[in-house]
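Everything on this sheet refers to the single structure shown next.
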Amino acid sequence: MITVETVASLKEHLARLRSGGKRVAFVPTMGNLHAGHLHLMQEARRQAQVVVASIYVNPLQFGQGEDFDAYPRTPAHDKTALLAAGVDLLFMPKESEIYPRGREAQTCVEVPGLSDILCGAFRPGHFRGVTTVVNRLFNLVAPDVALFGKKDYQQWLLVCLMAADLGMPVEIIGVDTVRDPDGLAMSSRNHYLTPDERNTAPRLYAALCAARDRMRHQKISPAEAEEGAARALKAAGFRLDYVSVRRCQDLALPQPDDRKFVILAAAWLGRTRLIDNLEFEWE
Ligand code: PAF
């Protein structure tokens, strides 16, 4: 695996790796890699002959008072994991490579509407930061295919919309969430949990599963499912940002004829904000 830090060396190595028309898959990350990320790398390997990963903790997607400084940075561990996962090229840029004119001066990309609901309503500017950095990374790497974890369901949909709206020649693939055996979705932020909080954390996914099951079997409405899940989460000790049943394809509120849903939640345990979601069909 080749590790590069500058745009110039990224482009040089990409030109060589791409020669002969090889297909390039790209997985952008913020590092502190876990089995969920490595699953993305494996899927990338199935999709293309060349796998490129990036590690960059993007300041533009953190709000004031959020965990940008505390975000876990584990470059040595990450490099070993990516090497073992068969990644060909790792891009680990400094801020000056990503935002050469400074982050305040950076041209931003924003998908209106979808950026402002659910997590966007609680983290103003977060998704503009995400689409801005992903757009920049796509332009630098020029991948044929890019892979995103569906744990960040709203992020994945936003990247799909951005790529479609801007006519980007890249295929976006959403990859299923990887979970610990007790159901907790893998996330770099799980490291923040105390042992007690870690014991409670799987109840987030359990509440989503229970809401889905009650919608399916007891024919309760989306609103009733949300209320039940919110009650269960509060009783377990979570501080809720939201729990919401939405249409899969665009995260709009469900309409009577809709059959494909996703229930999404964001909730705090102590100082840790956890998000999760569950897609399901309703007969
Ligand atoms: O999901 C993430 O890790 C980040 O939001 C991403 C896509 C790497 C952009 O910084």
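The values are calculated or read from the model by the stated rules, or taken from the named source; none is laboratory data. Small disclaimer: the values here were computed from a predicted structure and weren't measured. Every residue, glycine among them, receives a Cβ derived from its backbone with ideal geometry; neighbour counts consider all protein chains shown. In case anyone asks, the SASA skips ligands and DNA or RNA and just uses the protein heavy atoms, side chains included. Shrake-Rupley method; radii C 1.70, N 1.55, O 1.52, S 1.80 Å.
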Near pairs, Cβ below 8 angstrom, 6+ apart or cross-chain, from region 25-49 (closer than 18 Å to Pro72 by Cβ) to any residue that is among the basic types (Lys, Arg): Gly31/Arg73; Asn32/Arg73; Gly36/Lys151
Subset of region 237-283 [over 20 Å from Ser187 (Cα atoms) and either in contact with a Pro (Cβ under 7 Å, 6 or more places away or on another chain) or surrounded by 14 or more Cβ atoms within 10 Å (Cβ to Cβ) (or both)]: Ser244, Val245, Arg246, Arg247, Cys248, Leu251, Pro254, Asp258, Phe261, Phe280, Trp282
Selected residue (criterion: nearest to His39 (Cα to Cα)) from residues of region 155-180 that are part of a helix (DSSP H, G or I), within 13 Å of the ligand (Cβ to nearest atom) and open to solvent by 10 Å² or more (accessible area, probe 1.4 Å): Trp156
Leu193 vs. criteria open to solvent by 50 Å² or more (accessible area, probe 1.4 Å) and either away from the ligand (no atom under 15 Å from the Cβ) or modelled with pLDDT of 95 or more (or both): no
Ser19 being in a strand (DSSP E or B) and either polar (S, T, N, Q) or in contact with a Cys (Cβ under 6 Å, 6 or more places away or on another chain) (or both): no
Test for Ile117: is it more than 16 Å from the ligand (Cβ to nearest atom), within 19 Å of the chain's Cα centre (by Cα), closer than 30 Å to Arg203 by Cα and modelled with pLDDT of 95 or more: yes
Residue within region 127-145 that is within 14 Å of the ligand (Cβ to nearest atom), farther than 23 Å from Gln249 by Cα, assigned to a loop (DSSP other than H, G, I, E, B) and in contact (Cβ under 8 Å) with a residue 60 or more places away in the chain present: yes
Of all residues making up region 1-16, the number that are open to solvent by 30 Å² or more (accessible area, probe 1.4 Å), among the aliphatic types (A, V, I, L, M) and under 29 Å from Asp152 (Cβ atoms): 2
Complete set of residues in region 181-190 that are of a type in the set (A, V, I, L, M) and either surrounded by fewer than 17 Cβ atoms within 10 Å (Cβ to Cβ) or assigned to a loop (DSSP other than H, G, I, E, B) (or both): Leu184, Met186
Region 17-35 - residue that is of a type outside the set (D, E, K, R) and away from the ligand (no atom under 15 Å from the Cβ) and, of those, farthest from Gly129 (Cα to Cα): Gly20
